[in-house]
1. Quick check, is residue 89 of a type outside the set (Asp, Glu), within 17 Å of residue 4 (Cβ to Cβ) and at pLDDT 95 or above?
2. Taking the condition of being in contact (Cβ under 8 Å) with a residue 12 or more places away in the chain, part of a helix (DSSP H, G or I) and open to solvent by 60 Å² or more (accessible area, probe 1.4 Å), how many residues in the stretch 1-10 meet it?
3. Go through the stretch 22-46 and count every residue that is open to solvent by 20 Å² or more (accessible area, probe 1.4 Å) and assigned to a helix (DSSP H, G or I).
Amino acid sequence: MPYKLSERSLKELTGVHDDLVSVIRRAAELSAQEFAIHDGIRTLEEQKELVRSGASQTLDSRHLTGHAVDLVPVINGKLRWEWDPIYRIADAV
């Protein structure tokens, strides 16, 4: 069943490289698992905060250039970081 990306997810794609946006849109059509884009492009300050908090380990993130997105499974309407659904999303990508 093809899934539609939410308005929030679409906003997270702003500034992301066009080729990656195309891949993500196609993955939403193919995925057996609904997902959301949790993070698209980041500012250096956002990335520094993620490193400070331990959520990232690098200041050289591809999020800074628009070449990375974080995809998170949506289960029962909520974002869930669980491996089996993540693998289903990866298969679609």
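The values are calculated or read from the model by the stated rules, or taken from the named source; none is laboratory data. Here the structure is a predicted model, which is why all the values come from computation and not from measurement. Ideal geometry is used to build each Cβ from the backbone, glycine not excepted, and the neighbour counts take in all protein chains shown. Areas reflect the complete protein model, heavy atoms only, side chains present, ligands, DNA and RNA absent. Shrake-Rupley method; radii C 1.70, N 1.55, O 1.52, S 1.80 Å.
1. yes
2. 1
3. Counting residues in the stretch 22-46 that are open to solvent by 20 Å² or more (accessible area, probe 1.4 Å) and assigned to a helix (DSSP H, G or I) gives 9.
Yes/no per residue for (1) of a type outside the set (A, V, I, L, M); (2) outside any helix (DSSP H, G or I); (3) without any contact (Cβ under 8 Å) to a residue 24 or more places away in the chain; (4) open to solvent by 40 Å² or more (accessible area, probe 1.4 Å):
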{"position": "15", "(1), (2), (3), (4)": "yes, yes, no, yes"}
{"position": "49", "(1), (2), (3), (4)": "yes, no, yes, yes"}
{"position": "81", "(1), (2), (3), (4)": "yes, yes, yes, yes"}
{"position": "85", "(1), (2), (3), (4)": "yes, no, no, no"}
{"position": "90", "(1), (2), (3), (4)": "no, no, yes, yes"}
